[in-house]
Amino acid sequence: MFIVQLLKILFFAAFIYMLYNLIRYLIRAGKVLHDKRMEEEKTSQQNIRAERMRAWNRKDTIELDKDQYKVE
């Protein structure tokens, strides 16, 4: 009888330990995904700003093909 109760307690402790590790893993994974998403968003915003600056600098320049030399 004592051995059965001891096994129940050990099983319950193992279950609690696995549940704790699962929750800890999910929290860490969520944090890593959030950090990665924020980093990607920051780099995309920097790329957008750089592209706007390039477009703004090219406003005064007209690019012509090889056959478009006519001036009117």
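Assorted remarks:
Residue by residue, here is whether (1) of a type in the set (A, V, I, L, M, F, W, C); (2) at pLDDT below 95 holds:
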| position | (1), (2) |
| --- | --- |
| Leu33 | yes, no |
| Glu40 | no, yes |
| Thr43 | no, yes |
| Gln46 | no, yes |
| Ala55 | yes, yes |
| Asp67 | no, yes |
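- Residues being at pLDDT below 95 and of a type in the set (Gly, Ala, Ser) are entirely absent from the stretch 1-15.
The values are calculated or read from the model by the stated rules, or taken from the named source; none is laboratory data. Small disclaimer: the values here were computed from a predicted structure and weren't measured.
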